[in-house]
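The values are calculated or read from the model by the stated rules, or taken from the named source; none is laboratory data. Only a predicted model underlies this, so the values are computations on that prediction, with no experimental measurement involved. Cβ atoms come from the backbone with ideal geometry, glycine included; neighbour counts cover every protein chain shown. For accessibility, only protein heavy atoms count, side chains too; no ligands or nucleic acids. Shrake-Rupley method; radii C 1.70, N 1.55, O 1.52, S 1.80 Å.
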Amino acid sequence: MARVHGRAGRSAFRQGNQLLLRTILPLVAAGLLTYAFFRTRGLSYSGWETAIGVAALGAIPWCVKETLGLERAARRYYGGADGEYDVGAVLAQLPDEFHVFHGLGFYAGDVDHVVIGPTGVYVVETKNHTGTITARDGRLCRNGAPLQQDFIHQAVAEAMYVKGRLRPEIPCHVRPVIVFARAQVRMRAAVEGVQVVPLGALADIITERSTSLTCSDVQLYVERLDKTTGRIARRERFVNEIGWFR
């Protein structure tokens, strides 16, 4: 099995939790506003006190809408965390010579997975979409419609970012990969240099490539990437060793 650094899906799961915590404020506000409205209705108030009751009634729908929006966003993060966890489980089954990093800090978020092994260095971006994924004019499409986000550009940017953090003394090509954990992928050729695959084909595109790095190269890249993760990576390895997740 591969040597794993960090926990797959940890960052997305944490963000989902943070969004759920944010729902507390509008829920409490809705409760207080409801109380204020019925309080003013039950008493013979007039003027500004009645205005408070009317304002409370008008603000309640906003509180409910805000709560539901945060809950939907949290569910998306939880779904993403599940997809990353499934991808992490596949990557963990790679041969012993491979190292897998999860949740590497990135200026626009996180790099979901980085794989370093004899066949090279890979940045793996996980997507949890369903349906059928195809490509048209350099853009990914879901069920025939272009996806709103440019995942190809994102994967290339993450690969360049990881290459910069490695700062190798010898040439190192970081290969970007997008894996759809839930969708069918109907394409064979890479899109703008990015390999797009379903979950079942992920391990094969990594292990079937010819050897390009020596053992010392792999160790060098692992040490450099490990240093960039600092205390967070060491803490995550400790959590993995004692078997905690979520």
Taking segment 101-110 and keeping residues within 20 Å of Tyr77 (Cβ to Cβ) and crowded, with 24+ Cβ neighbours inside 10 Å leaves His102, Gly103
Of the candidates Ile116, Ile133, the one satisfying the condition of being farther than 24 Å from Thr211 by Cβ and open to solvent by less than 40 Å² (accessible area, probe 1.4 Å) is Ile133
(message) Criterion first (surrounded by fewer than 17 Cβ atoms within 10 Å (Cβ to Cβ), touching a Phe, Trp or Tyr at 6+ places or on another chain (Cβ under 9 Å) and modelled with pLDDT of 90 or more) does Thr211 satisfy it?
(response) no
Restricting attention to segment 145-201, the residues that are within 18 Å of Asn128 (Cα to Cα), open to solvent by 60 Å² or more (accessible area, probe 1.4 Å) and out of contact with any helix residue (DSSP H, G or I) (no Cβ under 7 Å at 6 or more places or on another chain) number exactly 8
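Ala92 - would you say it is hydrophobic (A, V, I, L, M, F, W, C) and either over 15 Å from the mean Cα position of the chain (by Cα) or open to solvent by 30 Å² or more (accessible area, probe 1.4 Å) (or both)?
It is true that Ala92 is hydrophobic (A, V, I, L, M, F, W, C) and either over 15 Å from the mean Cα position of the chain (by Cα) or open to solvent by 30 Å² or more (accessible area, probe 1.4 Å) (or both).
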In segment 101-132, anything over 30 Å from Ala145 (Cα atoms) and assigned to a loop (DSSP other than H, G, I, E, B) is listed as Pro118, Thr119
Note to self: Can you find a residue that is assigned to a loop (DSSP other than H, G, I, E, B) and of a type outside the set (Gly, Ala, Ser) anywhere in segment 159-168?
What the structure shows: yes
